[in-house]
Amino acid sequence: GLFGVPELSCPEGFQEAQDKALQESEQLVQKACSTPPGPETVMIFDQLSDALCRVADLADFVKVAHPDSAFREAAEEACRNVGTVVEKLNTDVELYQSLRRLLADEVVMNSLDPETRRVAELFMFDFEISGIHLDEEKRKKAVNLNVRILDLCNEFLSGAHLPNKIDKHILPEHIRYNFTAEGNYLQVAGLHADCPDDLVREAAYKIFLYPNAEQLRCLEELLASRNSLAQLVGYDTFAHRALQGTMAKNPGIRHKSFINTLIMKIFFRTLKDFEIMTKMKMKLNPQNSKLMPWDHTYYSGILRAERYNIDPGLYCPFFSLGACMEGLNSLFSQLLGISLYVEQTQRGEVWSEDVRKLAVVHETEGLLGYIYCDFFQRHDKPHQDCHFTVRGGRLRENGEYQLPVVVLMLSLPHSTRGAPTLLSPGMMENLFHEMGHAMHSMLGRTRYQHVTGTRCPTDFAEVPSILLEYFANDYRVVNQFARHYKTGQPLPKNMVTRLCESKKVCAAADMQLQVFYAALDQIYHGKHPLKKSTTEILKEMQEKVYGLPYVPNT
């Protein structure tokens, strides 16, 4: 069965796994409600959370990554069903009262260790943001809104990846080969941001981002539903609800002033970056030198390559996947006393034959957990690099530690007959980044799975992964593993220096784009009803904050 779960040897097994989890959760709810206030209350709540997460987290991965549509659909159904139960439990008054009795008992609370006290407070926080204080009718409404939001999120994300079709005769013949042909139509499945042909990038941008009425309806309903939920449970806006419990705390004056300060600090440097990109475009394409949104990624890449001679083709031979994994193994051994070992998988344990299972072993503490590496491109697999928690770590009732299980998903090219899988510098950095998440999951050995690994404030979750990127850009680290796959020659120091320096080129424009996304997000999830349509807000913010013109009909 998938991940060694016997029920999941076939899609129907999700129903069985889900039924088991729901049965276990019912028993734990009864136990929690009848247990006197004490540390055992927190332990039961954590067992309850674990029973549901073990199915929901696993299904959350399978629904996006499994090559078999029957598995994906069964996983999505399990996700929805378990998610609905979670929302109902978050508004269960009797369950809430059992936790409230604990938190109200000063003597017992003072006797708890800091970790147990913190976890109890976090469970209470889940009740509060779900509307436990409301009357029964409003609590039901909150549950229904949460379930609807879950469905809308899935619908919107699925729609965002769908290709757009266009009559092939609309495009000039000489660029049609860049897109997938389907009879008299061409499929445009992405932005082709790195294509050297300006016309291809322009066509891809305008076609792939052409307005889709269903997507717009879905987005508007999603934003309205999030706002309704936030206001129902007592928050001014969804932004206030979402940021509660993070390091940022709330989207107040300080938060807005932070974004405005960022805009002011980098705006003039961004204009300078755009000016340099425009000159480059003028040099390469004198007929059409106006810088457009589809040019940013391409021309900033050209500038980096030209100024520092960092053509990815020069670097890839030094970054074979094997060398990079050896580099990570060596780094973890030196920093953390940890080694990675490839483990043989059982029949049906993995969803694709090229998935590898790594055991993470500490020199004194032994086995810490497992990382499943789903690294290679395949049909229907999302083009995104990400880390999934499949099972959280926790101290079991019998004193054994439940080992964490995670998946790292990348989209690397397969090896060829003449060469192993070779990574560009960007791919290598992404591998280090995602492995930072995996190590966070392995090393966050908490007593309770509710706070294990990356189950932490969302704005802190990126800290360990970004920290690991710094190691990927340090010659002292890179020198230990970057070897030419044919000659064994180490990557010269001046090439690493050039690569690091190149990251500063157009850094302001890259940051400005992120600030634009952040500012847009604040408005979409701020005061409702929105004063304009989501597209009109996008146009206004793009021109105000980003600096490159909005393109009509996108």
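The values are calculated or read from the model by the stated rules, or taken from the named source; none is laboratory data. Bear in mind the structure is a predicted one, so any value in this text is a computation, not a measurement. All Cβ positions, even for glycine, are placed from backbone atoms using ideal geometry, and neighbour counts span all protein chains on display. In case anyone asks, the SASA skips ligands and DNA or RNA and just uses the protein heavy atoms, side chains included. Shrake-Rupley method; radii C 1.70, N 1.55, O 1.52, S 1.80 Å.
General remarks:
- Failed criterion for SER320 (all others in (1) of a type in the set (S, T, N, Q); (2) in contact (Cβ under 8 Å) with a residue 12 or more places away in the chain; (3) open to solvent by 30 Å² or more (accessible area, probe 1.4 Å) hold): (3)
- Checking the stated criteria, SER352 turns out to be assigned to a loop (DSSP other than H, G, I, E, B), modelled with pLDDT of 95 or more, among the hydroxyl-bearing types (Ser, Thr, Tyr) and under 28 Å from the mean Cα position of the chain (by Cα).
- The requirement of being assigned to a strand (DSSP E or B) and in contact with a helix residue (DSSP H, G or I) (Cβ under 7 Å, 6 or more places away or on another chain) is fulfilled nowhere in the range 319-336; no residue meets it.
- Filter pass, THR364 being modelled with pLDDT of 95 or more, β-branched (Val, Ile, Thr) and either in contact with an Asp or Glu (Cβ under 6 Å, 6 or more places away or on another chain) or open to solvent by less than 60 Å² (accessible area, probe 1.4 Å) (or both): no
- The range 522-539, residues that are modelled with pLDDT of 95 or more, of a type outside the set (A, V, I, L, M) and either in contact with a Pro (Cβ under 6 Å, 6 or more places away or on another chain) or part of a helix (DSSP H, G or I) (or both): TYR524, THR534, THR535, GLU536, LYS539
- Unique residue being among the aromatic types (Phe, Trp, Tyr), under 30 Å from HIS484 (Cβ atoms) and either assigned to a loop (DSSP other than H, G, I, E, B) or open to solvent by 20 Å² or more (accessible area, probe 1.4 Å) (or both) when the list is TYR372, TYR341: TYR341
- Hey, GLU121 out of contact with any Asp or Glu (no Cβ under 6 Å at 6 or more places or on another chain) and without any contact (Cβ under 8 Å) to a residue 60 or more places away in the chain or not: yes
- Residue within the range 380-393 that is more than 30 Å from THR41 (Cβ to Cβ), at pLDDT 95 or above and in a loop (DSSP other than H, G, I, E, B) present: no
- Where GLN287 falls short, out of the listed (1) open to solvent by 30 Å² or more (accessible area, probe 1.4 Å); (2) part of a helix (DSSP H, G or I): (2)
- Condition check for PHE45: touching a His at 6+ places or on another chain (Cβ under 8 Å), touching a residue at least 40 places away in the same chain (Cβ under 8 Å) and either hydrophobic (A, V, I, L, M, F, W, C) or surrounded by 14 or more Cβ atoms within 10 Å (Cβ to Cβ) (or both): yes
- Residue satisfying condition, being touching a helix residue (DSSP H, G or I) at 6+ places or on another chain (Cβ under 7 Å) and aliphatic (A, V, I, L, M), within set VAL93, VAL82: VAL82
- Test result for ALA519, open to solvent by less than 40 Å² (accessible area, probe 1.4 Å) and under 21 Å from ALA305 (Cα atoms): no
- Complete set of residues in the range 308-318 that are out of contact with any Lys or Arg (no Cβ under 9 Å at 6 or more places or on another chain), in a helix (DSSP H, G or I) and not hydroxyl-bearing (Ser, Thr, Tyr): PRO312, GLY313, LEU314, CYS316
- Residue in the range 385-401 that is more than 22 Å from VAL5 (Cβ to Cβ), without any contact (Cβ under 8 Å) to a residue 12 or more places away in the chain and not acidic (Asp, Glu) present: yes
- Scanning the range 230-246 for residues that are under 16 Å from ILE149 (Cβ atoms) and touching a Phe, Trp or Tyr at 6+ places or on another chain (Cβ under 7 Å) yields a total of 2.
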